[in-house]
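Worksheet: the structure to be examined is printed underneath.
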Amino acid sequence: MGQVQNYMSTHFENDRDGIKTTNINCSMTITTNSSVMLSFEAPASTTTNLPKTCGASCNKDYVTFMPIPSQPIMCNSALKTPDQRMITNDFTTRLHVSPPNVGFNCNEVPKMTVYNDINNAQGTEQIVADSGLTAIWLMNNKAAAFSTFSGQMTTNRFGSIIDTDGITAHGHFMHYAPSTQEWVTGKTQFFTLANNCILEFYADLQGSDANVIKIDSHPLSSLKFDKKPLSFFGNKYFHFQLNIKGYGLHSIKNKGKFISYIICKSVNGPNNTAGYLTSFNQWKNN
């Protein structure tokens, strides 16, 4: 505070034969020697750029989120503990996976092993593109996860409220999807609107007891909630969902490791959704 603050913005255009369009997929790398805060926005996001694959309608929504930086690593180095992340398709269209933060002259080909609810043991090896265009789609899978020793792979969730037809989306959101190493324990506070908000959280086996988990100081077991088991990386996890009512600040308390998100439907209209990550412990090099 009290210092000069600079603001800079940029947008992307595709210039083909003199015709400019913003309908383009692209990747951007920012390197700085001073402190910055980044915010990404896409004012007209849809499930896909292909109208015929959106379902009944390609409903556009304003999406904004804060990108999380990844820790730099040496070229051709490997993590001691793998980067492992998971998500279900309940509010997820896809995960966008970025390659590790290595030097520009590094020729290493980063790879990850991708799992889903059907193939959750062996998985499928996949190259993570330097362009940042690697995505894991969940439209046809109930859950997905990946594991890698190649380095921290910053991952963002493109979320959607999907209609009963399984395709048409009514609102979108985007946020960081942490590694299991970044999950938290203890008490986390979060903010919701008055109605149509859902607390979604993932917990390890130790953090899955509904009698121990507290929501606004009430045992989760005393509330109405959904609980689904997940098996990834040779471990058992659980996915929880429950409606949260009441405008303002709320809390979740858990003795195990967990990660939680808030999704609010019909915020400024039937096709507008808001979603965010509540808290996480930022990755430290290992």
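Need the failing condition index for Thr148 against (1) over 17 Å from Cys75 (Cα atoms); (2) polar (S, T, N, Q); (3) buried (at least 18 other Cβ atoms within 10 Å of the Cβ), just the number.
(1)
Need pairs with beta-carbon distance below 9 Å; first residue under 26 Å from Gln152 (Cα atoms) and part of a strand (DSSP E or B) and within the range 181-195, second modelled with pLDDT under 95 and of a type in the set (Lys, Arg); sequence gap 6+ or separate chains.
Filtered contacts from the range 181-195: no entries.
Hey, does the range 20-36 have a residue that's surrounded by 11 or more Cβ atoms within 10 Å (Cβ to Cβ), modelled with pLDDT of 80 or more, among the small types (Gly, Ala, Ser) and under 30 Å from Glu182 (Cα atoms)?
no
Regarding the range 249-264, can at least one residue be identified that is in contact with a Pro (Cβ under 9 Å, 6 or more places away or on another chain) and of a type outside the set (Val, Ile, Thr)?
No: zero hits.
All but one of (1) surrounded by fewer than 20 Cβ atoms within 10 Å (Cβ to Cβ); (2) farther than 18 Å from Ser221 by Cα; (3) modelled with pLDDT of 95 or more hold for Thr278, so report the exception by its number.
Looking at each condition in turn, Thr278 falls short on (1).
Among residues belonging to the range 255-272 that are in a strand (DSSP E or B) and more than 18 Å from the chain's Cα centre (by Cα), point out the one that is surrounded by the most Cβ atoms within 10 Å (Cβ to Cβ).
Gly256
Identify, please: which residue in the range 190-206 is modelled with pLDDT of 95 or more and among the polar types (S, T, N, Q) and is, among those, surrounded by the most Cβ atoms within 10 Å (Cβ to Cβ)?
Thr192
Yes/no per residue for (1) in a loop (DSSP other than H, G, I, E, B); (2) at pLDDT 90 or above:
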{"site": "Pro43", "(1), (2)": "no, no"}
{"site": "Thr47", "(1), (2)": "yes, no"}
{"site": "Lys52", "(1), (2)": "no, no"}
{"site": "Cys58", "(1), (2)": "yes, no"}
{"site": "Val63", "(1), (2)": "no, yes"}
{"site": "Pro69", "(1), (2)": "yes, no"}
{"site": "Thr81", "(1), (2)": "yes, yes"}
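The values are calculated or read from the model by the stated rules, or taken from the named source; none is laboratory data. All values reported here derive from a predicted model rather than from experimental measurement. No Cβ is skipped: glycine too gets one built from the backbone with ideal geometry, and neighbour counts run over all protein chains shown.
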